[in-house]
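Presented below is the structure to which this report refers.
Quick note: the coordinates plus some simple rules give every number you see, no bench work behind them. Worth saying up front: this structure is predicted, and the values here are computed from it rather than measured. Neighbour counts are summed over all protein chains in view; Cβ atoms, including those assigned to glycine, are modelled from backbone coordinates with ideal geometry.
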Amino acid sequence: MFVAIMLTLVTVGSILFHFFSPWWWTEVASNWGNIDDTIILTFWVTGAVFCAVCLFMAYCVWRFRYNKNNKSEYKPENSKLEWALTILTTIGVCALLAPGLIVWNKYVSVPDDAYDIEVMGQQWYWNYRLPGEDGKLGLTDLRNITDDNPFGINLDDPNGLDDILIQADDLHILIDRSVKMNLRSIDVLHDFYIPQFRAKMDMVPGVVTYYWFTPIRTGNFEILCMEYCGTGHYAMKGRVIVESQSDYKEWLSEQMTFEEMMASIDKTDLIQLALNIKGEN
C-alpha cells in the first residue's frame, strides 16, 4: 500500500511542478516559436505516458497485493493487449516525431530572400563576414587563411572584395529580415547557439553547415558555443544585436571591407601574402 501511495504522490507532484515551476524558457525573439510548441507537445505526450505508467503501477501494487487466498492465473499471451499496446505506442511515436520533422524541414529550408552571413568559429572567439553592395559573399578556401586573410577569401574573386569583415564577438543584424547563417570552423567542433532565437547548429571543420531565422524584436541576445571546444570553451561567447533600419545602416557604414583591409596592409606584406597563397595553390 505504501508503494502505491508513493507512486500516486510522485505523479501528482510531477504535474504540480510542471504547472507551478519557477523555471521556464526565455521569451522567443525569432520566428521559431513553433520549436517551443513542439517541445511543449513532447512534454504533454511523454508526461501523459509517465502519469499513465505510474498510476497503472500504483493500481497493480494495490490491486494485486499479497493475499494468501488469491490464486494466480497463467496467461502467457494476450493478443488484444499486444495489439492495443502496439497501436498506442505507434501513435505516441508518431506524435513525437511528426511535429519535429515538420519543424526541421522548415528550419533547413531557407527563404529565397534570406540575407547571407558567414560565421567563423575558432578557439575561442567568433568572426563574421557579411556580403557587400553586390549582395554576394566571395569564394573562400581554407588554404588561403592567414593572419591578414582570416576567412581565406579568394583574392581573384571580385565578389569577395566588398565583403564586410567583423573581427569581433558582436554581430549586428536588421529586425524582421530573414538571415541565413553559414557556419564554418577552422580548428575543432563548435556549436553556434542563440538561445532566444531557438537556433543552434554544429560547426564542423571542413564542412559548411547552416540554419536561418528572422529576428522579430530588437535587443541584445547572447551567443554561446554549445560544444566543448577546449579550455577556453566557457569564454566563447558573443552577442547578436538586433537593430532598426537606421541604427543598422549607421553601424554597417563603420565597418571595413575586405578590399579596404587589404589596402591597409603594407605593400611588402601584400606581396608576401600573394606569394604564399600562390605557393600553396
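Some points to look at:
- Theoretical ellipticity at 222 nm over the chain - DSSP helices of four or more residues, -39500 (n - 2.57) apiece, nearest 500: -13000 deg cm²/dmol
- Rounded to 10°, Cα long-axis angle of helix 79-107 versus longest principal axis of the chain: 20
- Rounded to the nearest 10 degrees, the inclination of helix 33-63 to the longest alpha-carbon principal axis of the chain is 20 degrees.
- What the pair-distance distribution of segment 115-280 shows, using all Cα-Cα distances binned every 10 Å from zero, is 10, 39, 36, 14, 2 percent.
- Radius 9 Å from Cβ of ARG239, net charge of other residues (Lys, Arg +1; Asp, Glu -1): -2
- Rounded Å value of the spacing that divides the Cα centres of segment 110-171 and segment 44-59: 51
- Inter-probe distance in nm under a simple model that places probes 7 Å from Cα toward Cβ, at ALA98 and LEU224: 3.2
- DSSP loop GluC sites (Glu not before Pro) with at most 16 other Cβ within 10 Å: longest gap in the chain: 134-253
- Once the chymotrypsin sites (Phe, Trp or Tyr not before Pro) in DSSP loops with at most 15 neighbouring Cβ atoms within 10 Å are cut out of the chain, the longest remaining piece is 75-227.
- Correct choice for mean projected area of the Cα convex hull in nm² that was computed from the model, options [x] 22.4; [y] 21.4; [z] 18.2: [x]
- For the chain, the longest principal axis of the C-alpha atoms and the axis of helix 267-280 are separated by about 50°.
- Subset of LYS106/LYS237; LYS106/LYS200; LYS180/LYS237; LYS136/LYS237 violating a 22 Å alpha-carbon distance limit: LYS106/LYS237; LYS136/LYS237
- For the chain, built as a Gaussian network whose Cα springs stay under 10 Å, the top-fluctuating residue of ARG184, ARG143, ARG65: ARG65
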